[in-house]
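To start, the structure itself, in structure tokens.
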Amino acid sequence: MTLHTKIFSTLVAVAFLLIVGVVISYTGAADVATTVEITNEPPTIDSIRIATSEFGTDNIAGDGITPVVGFDRIVHLTGTVTDLNGKTSVASSSISALFYRTSKTESCLASNNNCYHITQCAINTDTLSDVELLYDCPVPIAYYTDATDASSRYASDNWTGTVSVVDEGQGAASSTITTEVNALLALNIPEGIDYGTLSLGDISSSPVDFPLTQRGNTRADVFVSGGDMDCDLGMLEGSKQRYSLSGSAPYDDVSTKPLTEIPVQANLVVPFQVTASPVATSLYWRIAIPQVGIKGNCIGSNTISLVALSNKEATFFAGHGNHAAAIVEGALYMWGANQFGQLGLSDNNNRLHPTRVGTDSDWQSVAVGYFHTLALKTNGDLYAWGLGAQGQLGQGSGTNYNTPQQVTAIAGGWQKISAGSHHSLALHSNGTLYTFGYNAFGQLGRSGTVTTPTAIDANTYLDIQGAYMQSYVVRSDGTVLSFGRNESGQLCNGETAPSTQAHQTPIVVSMPTPTKITAGVSHVSFLMQDGTIRACGAGNSGQLGTGSTISLLTPTDIGAGGGWLDLASGFNHVVGQKADGWYGWGANINGQLGLGDLSNRMSPTFMGGTIDMLIPAASATLIRMADGDARVTGLGILNEQAAFAWRETPISILGTATDWVAGHALFGATIALRANGTLWSWGHNTAGQLGLGHLNNKSAPQQIGVNTDWVQLEVGYGTGYARNSNNELFAWGSGGYGALGDGTFISKQSPVQIAGSWTKLFKGELNGFAIKSDGKLYAWGRNQNGELGIGYTTSDPSGEENPVKVNDDLDWKMVSGRVSHTLAIKENGDLYSWGAHLTGRTGLGLTSGRALVPTLVDNTKNWTAIAAGHEHSLGIADGKLYSWGFNNFGQLGLGDTTQRTVPTQVGSATNWIAVAAGRYWQQSFALKSDGTLWSFGNNGNAALCQSTSIPSLNVPTQVGAETNWAEVTAGENHVILRKTNGTLYACGVDTYGQLGVGNMNDISTSANVTPTW
């Protein structure tokens, strides 16, 4: 403001007038105005915070704002304003605020999901300072305001609070603060499901509407589970209850799922709430009452679990062609081959990565043909694009299109779509089945080529499945029909026909109504209501899953038992889901089963337990993991690695296991144990050392069997040993020299039991060591140099094929064996050795001869760790590191290459806790108590986890800078390491994929092992 001040002064005018000697004085006064201007000082916002109460002093910005179910949560943008012209200058004007999603900018329109406008804030002038006041701007955060995370419908950005102040002189200031809105997972559900009163043999005629109302801010799905119902007389099986997303779907509809005790995803999708109006989505329940055995009131309990769905979650679609699609929050993405515009991207260029098709966000489903694509929108409109030469786009012509074209012959109302190689099927919401496209084999269920959707008859239908050159449909009465090519019996009518013969009239397939049909080139599989699988057609690649390659002409149970939840087919392979995970069978020449090899499978083979979705393509499989990972195995569909690159293992985009408890290196392979009691293996497999039931190499971790009770793991040169919680001991791999201890010299591809009860297992080389429940040490395998310690030798190529007692001592604590000598520690810390003295490796001061029984090396120290190398030895006593034996590469760590015949201290450190010694590569490793890892010896092919520019090291040298190493084991020329956080690492040679990192390159720095389950 401008201040004008008048200043008054008195000016005295004095005149002297001399008149006849008389003096007369004269006085007067006048006002003179003066001015000065003092400019306005704009206010400043000295502090800003997000408080839980009015003018509160707390600040929750760092913790984020958690909404309250069903209500607005009031938070307060509060702080201090200073105006040097006086606090009343602000108090008489205004303070306002904005709270908005940062990406929406300050110009955002008011919306509970994006932007809150606070036009008038409270002011408190009751402060000690004349120029300072407090402000408070309340923000009513709606419970459905989107969370700041991946489950948001918007970008995962934070929220900004902006406070603005203007004083009387129009001086202005603003200040900002950022925070997050936390996820709120909440759902309102009815109190129960009342099926009413029914009679024996009844099926509920009307479904029970079970509305699920969004009461949170996170997109979600529900998982449904439940058990049997107890009746006054008898028990009503839980599976008699079924639920569907459709209120019109009958009890036996393919879309109606039976209730199971294991939670199953309903694929309901609880949507976001946009306004204050609640959003409800319903499940519809029906029940069937058995003919006999129950009476009275029946009471049970079903469980509805709410699980957040990430905004980044993709639903995959693949089919007969070398292109694929994904829908993410309604947006359509496509990638792969595009020579006819089948990607819908306005050109004919292939895409190496998923690329968004247009800007629409209302896509619902996709069907992939050989060179064409069909897609449905949520409003029921049908679109098609790609190759149209045979009329498969339904446009009434043979024109190709490289952008989505609406099929307008029938306006809207489309419910389900399916694509064959060059033909299309579409099911209308009124149940009418329409077909169009290529029809040389009658795959349209009618005669002639049809270029627009045309009904095949007056019946109504429930399900459709387009295959390569044939089709399968289910009528509303549950009858299964097939039509098209039948050279392998894939029409399931009990006969075959020449490949040129057309079956244009639908054939009735004699079988009960399935819940799902999935078909490939010349086979079809049916998921039955009882959870079993039936199949017919060609079996040449094992795609029927029957255990053989014999074709079937009628729907036949494949002998895989019940409990199947889902099925899907590629050209000649099938994947199926059970409660414990996914299985695959059939063609695998491109690695499409994701099992790490190229061998076909004749029967269902376990693929993994944490897979959320598998979608087979022609010769590949798209995989969505339960943890959000996206992977592809098989023909890469122009993936990011190379155009049409062949991949034997899934390429992981995200994720690594953190629950490894042991990892052991053997010749060209690795075996590891997880905290959940499962065993995994990868690498070289010529003798079955991976324990997977075959001889195929694996370059990524594969589970050994299905057992979850393994508690201890050890390995030899080409063998694996594991003990379970029942003290049962198993072995697998090379049986040479009797190394398996199973009474034979025969290699085994799967674990076989070693007779007896065992309490502890130790490392060997071509032999094994273990303590029985009687407390005594036993040994088996190669014994040419007395390395078993049993008092005699056994000439090669023979050995001890059964466990032999070493002696009657009951105090063996630790054993480490290699090819010709063995080290051991007793409970009192004494060190023993036996076997060949060559190069001084036994530590007994000798370089020739043998010790055939355990012989004392040292009883003056407390030995706590040992490792027998190929020709040298390592040990730790009282925290000090010792070495002895051969030293041609400096593997003793003593600064030279001179061998030692007795334990010799390495350096002066006293905090060593663990050691590991390699085989032919003569490498040594040691761990300190501070979590650092050290290596020395031969570094050929990065065997020491050091730079390959270093040929060898003769003193311990730290590996990297990490301080959280927990375990290390050395094999032939690779190393497996485990960190304290349970992650597994590898380095060295990767000739056979033994590093488990998905390539065949030597790695000189430890590389994280990315599992493929």
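No value in this document is a laboratory result; all are computed from the given coordinates. The structure presented is a predicted model; accordingly, all values stated were derived computationally and were not measured. Every residue, glycine among them, receives a Cβ derived from its backbone with ideal geometry; neighbour counts consider all protein chains shown.
Here are some notes:
- Farthest positive-ward along the chain dipole, Cα basis, beta-carbon charges - from Thr452, Thr275, Phe886: Phe886
- Listed from fewest to most Cβ neighbours within 10 Å, the set Asp72, Asp46 follows the order Asp46, Asp72.
- Along the chain, longest interval not containing exposed GluC sites (Glu not before Pro), exposed being DSSP loop plus at most 10 other Cβ atoms within 10 Å: 192-1013
- Relative to its Kirkwood radius, the Cα radius of gyration of the chain gives an Rg/Rh of 1.14.
- Subtracting the Cα-Cα distance of Glu191 and Leu245 from their residue separation scaled by 0.36 nm leaves 17.5 nm.
- Our estimate of slack between Ser277 and Asp709, defined as 0.36 nm per intervening residue step minus the Cα-Cα distance, is 150.4 nm.
- Exposure proxy for Cys108, Cys492, Cys121: other Cβ atoms within 10 Å of each Cβ, ordered fewest to most, give Cys108, Cys121, Cys492.
- Lys/Arg +1, Asp/Glu -1 at C-beta; the chain dipole; positive extreme among Ile45, Thr549, Met235: Thr549
- Residue-span extension gain [Ala497 to Thr793] - 0.36 nm each, minus C-alpha spacing: 99.7 nm
- Given +1 at the Cβ of Lys and Arg, -1 at the Cβ of Asp and Glu and no other charges, the dipole of the chain around its Cα centre is 2500 debye to the nearest 20.
- Helix-only [θ]222 nm of the chain, DSSP H runs n ≥ 4, -39500 (n - 2.57) each, per residue, nearest 500: 0 deg cm²/dmol
- Restraint check, Lys377/Lys578; Lys805/Lys861; Lys776/Lys979; Lys257/Lys578; Lys813/Lys880; Lys776/Lys928, Cα-Cα greater than 23 Å: Lys377/Lys578; Lys805/Lys861; Lys776/Lys979; Lys776/Lys928
- Placing +1 on the Cβ of every Lys and Arg and -1 on the Cβ of every Asp and Glu, with no other charges, gives the range 44-179 a dipole of roughly 480 debye about its Cα centre.
- Other residues within the sphere of radius under 11 Å centred on the Cβ of Asn676, judged by their own Cβ, net out at -1 (K and R +1, D and E -1).
- Near Asp930, once Lys and Arg are set to +1 and Asp and Glu to -1 for all other residues with Cβ below 14 Å from its Cβ, the sum equals +1.
- Relative contact order of the chain, defined on C-alpha pairs under 8 angstrom at six or more residues apart (%): 5
- Cα-projected label distance for Ser908 with Ile589, points at 7 Å along beta-carbon direction, nm: 6.8
- Residue exposure sequence - Val307, Val36 - by fewest surrounding Cβ within 10 Å: Val36, Val307
- Cβ-Cβ FRET estimate between Glu261 and Thr744, R0 fixed at 41 Å, reported to 0.05: 0.45
- Neighbours of Ser820, meaning other residues whose beta-carbon lies under 10 angstrom from its beta-carbon, give a summed charge of +1 when Lys and Arg score +1 and Asp and Glu score -1.
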